[in-house]
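Beneath this line is the structure, given in structure tokens, with notes to follow.
The values are calculated or read from the model by the stated rules, or taken from the named source; none is laboratory data. For clarity, every value in this text was computed on a predicted model and none was experimentally measured. FYI the Cβ positions are ideal-geometry reconstructions off the backbone, even for glycines, and counts take in every protein chain you see.
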């Protein structure tokens, strides 16, 4: 099922992005919590009360839950540094699974060896998913150390944020799987990345429309971002884990299903001749 050479090649290709995101996610929680701590809780609660009631729907959780230490830390998971970092990993690695090597002219050399296409595809996908798990582990370590020893030391338990990290992993697998499907169906990596940009924007807009309009609430179900709600998973109770199970069942399910469809397409398609 897996090919050792492709596995090593995939890790070699992703090592720089992995190192960059690892460094960013290790440091970001410290910077984020330090910046948050500069605003006293009373002033932060006052700022939240100034937000129009209609806009408060965008938070996904009651404002009263945001105006707590745990709620403020949880906002780190919807910060662009985390959301875009997770998306960049998924799109970058997923789009390189087929169309990337085709564009570089290396796919023909790989398939010239006695190796099945499915093994090539599965090895790359596994490396991407394992890399996402490693990054999420580093993110949790950053959150844990920043909460345990940072400005809010002793005010909240770091273990409360484990489900939110798990939700981030689900988003990464989802994006990587859909990007892998786009890559398997095309011959140019730029086309796969372009398709993923459209997928990201449409999913984000669908979530916003569904949340802001009661009449169009059903639109929110069309977005995978409807299952990315890490700020809802920091209650520190068993319910947080049950909610995570539902969310990641959708995100990881979509990602793995997209990977599976992409594998079928790659196994059956004709590859263009090298230029």
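Does residue 222 satisfy the condition of being closer than 24 Å to residue 73 by Cβ, surrounded by fewer than 19 Cβ atoms within 10 Å (Cβ to Cβ) and touching a residue at least 12 places away in the same chain (Cβ under 8 Å)? Let's see the steps before the verdict.
Working: closer than 24 Å to residue 73 by Cβ: no; surrounded by fewer than 19 Cβ atoms within 10 Å (Cβ to Cβ): yes; touching a residue at least 12 places away in the same chain (Cβ under 8 Å): yes.
So residue 222 does not fit the description; no.
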Exercise. Looking only at helices (runs of 4 or more DSSP H) that fall completely inside region 70-139, which ones have 2 or more residues that are buried (at least 22 other Cβ atoms within 10 Å of the Cβ)?
Worked result: 80-94, 99-104
Problem set entry | Identity of the residue in region 206-219, part of a helix (DSSP H, G or I) and free of Cβ contacts under 8 Å to residues at least 12 places away in the same chain, that ends up surrounded by the most Cβ atoms within 10 Å (Cβ to Cβ) | 209
Problem set entry | Which numbered condition residue 234 misses (of (1) surrounded by fewer than 17 Cβ atoms within 10 Å (Cβ to Cβ); (2) part of a loop (DSSP other than H, G, I, E, B)) | (1)
Exercise. So which residues in region 19-42 are part of a helix (DSSP H, G or I), free of Cβ contacts under 8 Å to residues at least 24 places away in the same chain and over 12 Å from residue 135 (Cα atoms), if there are any at all?
Worked result: 31, 35, 42
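Residues checked against (1) modelled with pLDDT of 75 or more; (2) within 24 Å of residue 233 (Cβ to Cβ); (3) surrounded by 14 or more Cβ atoms within 10 Å (Cβ to Cβ); (4) within 26 Å of the chain's Cα centre (by Cα):
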{"position": "8", "(1), (2), (3), (4)": "yes, no, no, yes"}
{"position": "28", "(1), (2), (3), (4)": "yes, yes, yes, yes"}
{"position": "35", "(1), (2), (3), (4)": "yes, yes, no, yes"}
{"position": "39", "(1), (2), (3), (4)": "yes, yes, no, no"}
{"position": "54", "(1), (2), (3), (4)": "no, no, no, no"}
{"position": "59", "(1), (2), (3), (4)": "no, yes, yes, yes"}
{"position": "63", "(1), (2), (3), (4)": "no, yes, yes, yes"}
{"position": "67", "(1), (2), (3), (4)": "no, yes, yes, yes"}
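Suppose we filter 227, 162, 192 for residues that are more than 23 Å from residue 239 (Cα to Cα), under 20 Å from the mean Cα position of the chain (by Cα) and crowded, with 16+ Cβ neighbours inside 10 Å; which single one remains?
Just a single option satisfies the conditions, and that option is 192.
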For this session: Return the total of residues in region 193-233 being modelled with pLDDT under 90 and over 25 Å from residue 182 (Cβ atoms).
Result: 10
